[in-house]
Amino acid sequence: MNTTITVHQQDAVDWLHMQPNQSVNLIVTDPAYQSLEKHRAKGTTTRLKNSAASSNEWFAIFPNDRYLDFFIEAYRVLDDNSHMYVMCDQETGLLIKPIAEQVGFKFWKFITWDKCAMGMGYHYRNQTEWVMFLEKGKRKLNNLGMCDVLRHKRVRNGYPTEKPMQLYADLIEQSTNLDETVADVFFGSGAGLLAAHNLGRKAIGTDVSDAAHAYLQQRAAITNTTVTTK
């Protein structure tokens, strides 16, 4: 079992560009999608940047016009017969699905994450979020009895838009085996990397945010997990 989580502080596409061909067995990640800016402008969702009304310094969005390069690099880096999961809202999911298919991914479906409580939004406030399930080549899920609704309580008072570790664990267990490599290229709270590490996978990734790196180091220290920044 690899005992170290390895991370970089680089742009997601730039980091992927540096990785060898077919060097990763799974990508699971949560980009800061651009659609949040539209809602933020109307005051209907959480702030993504500095604000007099918020003590948090939130991250910058990943612009929609970069998804083609993102998926091209992700497809190249993924091993043959592997999966990719991208967390997204409905607007972003419908936008990026054809882009992912264009570069060669097979789109299977949008998995629904049920947060078990009403969250942000305006009309019909959100209780769910999508996880886009993509495949390169052909890989069988480890548990064909799992349904397409994953119920995990949303994280409160954590890192901005933090996802529960068990949500990541469900996806990682479905699409990898022991000692395979899991990458998160917008690692944020670090939940995906920690879940991969706890499951005996090699966890690697990147995030441009100083706050993300500090938060991951703080979380890892609680369980004596080593995080190496390169």
field: Rg and Dmax [Cα atoms of the stretch 73-148; Å; Rg one decimal, Dmax integer]
entry: 14.1, 41
statement: XL table Lys138/Lys202; Lys97/Lys153; Lys109/Lys230; Lys140/Lys230; Cα-Cα > 31 Å flagged, in table order, is Lys109/Lys230; Lys140/Lys230
message: How many angstrom lie between the Cα centre of the stretch 100-169 and the Cα centre of the stretch 1-31?
response: 20
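Using a 10 angstrom Cβ neighbour count of at most 16 plus a DSSP loop assignment to flag exposed chymotrypsin sites (Phe, Trp or Tyr not before Pro), which longest range of the chain is free of such sites? Walk me through the numbers before you get to the answer.
Numbers: sites that count: Tyr122, Tyr124.
Segment 1-121 is the longest.
Heavy-atom accessible area per residue, the chain, 1.4 Å probe: how many Å²? Each step should come with its number before you reach the end.
Details: 11190 Å² over 230 residues.
Computed with neighbouring chains in place, this is 49 Å² per residue.
I'd like the trypsin sites (Lys or Arg not before Pro) in the stretch 121-193 restricted to DSSP loop residues with at most 13 other Cβ atoms within 10 Å, sorted by number.
Numbers: sites: Arg125, Lys136, Lys138, Arg139, Lys140, Arg151, Lys153, Arg154, Arg156; in loops: Arg125, Lys138, Arg139, Lys140, Lys153, Arg154, Arg156.
For trypsin sites (Lys or Arg not before Pro) across the stretch 121-193 that sit outside H, G, I, E and B with at most 13 neighbouring Cβ atoms in 10 Å, the list reads Arg125, Lys138, Lys140, Lys153, Arg156.
Please pull out the direction-averaged projected area of the stretch 109-163, using the convex hull of its alpha-carbon atoms, in nm² to one decimal place. Walk me through the intermediate numbers first.
Details: hull surface 20.9 nm².
If you wrap the Cα atoms of the stretch 109-163 in a convex hull and average its projections, you get 5.2 nm².
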message: With a 1.4 Å probe and all protein chains left in place, how much of the accessible area of the stretch 135-230 comes from carbon and sulfur atoms, in whole percent?
response: 49
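Roughly how compact is the stretch 111-200, stated as its Cα Rg over 2.2 N^0.38 Å to two decimals?
Numbers: Rg = 14.0 Å, N = 90, 2.2 N^0.38 = 12.2 Å.
With N residues counted in the stretch 111-200, Rg over 2.2 N^0.38 Å equals 1.15.
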- line: Here the percent of antiparallel bridges among DSSP beta bridges lying wholly in the chain, to the nearest 5, is 40
- request: Indicate, rounded to the nearest 5 percent, the antiparallel portion of the DSSP beta bridges found entirely in the stretch 93-176.
  value: 75
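The values are calculated or read from the model by the stated rules, or taken from the named source; none is laboratory data. Keep in mind that what you see is a predicted model, and the values were worked out from it rather than measured. Using ideal geometry, Cβ is built from the backbone for each residue, glycine included, and neighbour counts are taken over all protein chains shown. The accessibility values were calculated without ligands, DNA or RNA, using every heavy atom of the protein model including side chains. Shrake-Rupley method; radii C 1.70, N 1.55, O 1.52, S 1.80 Å.
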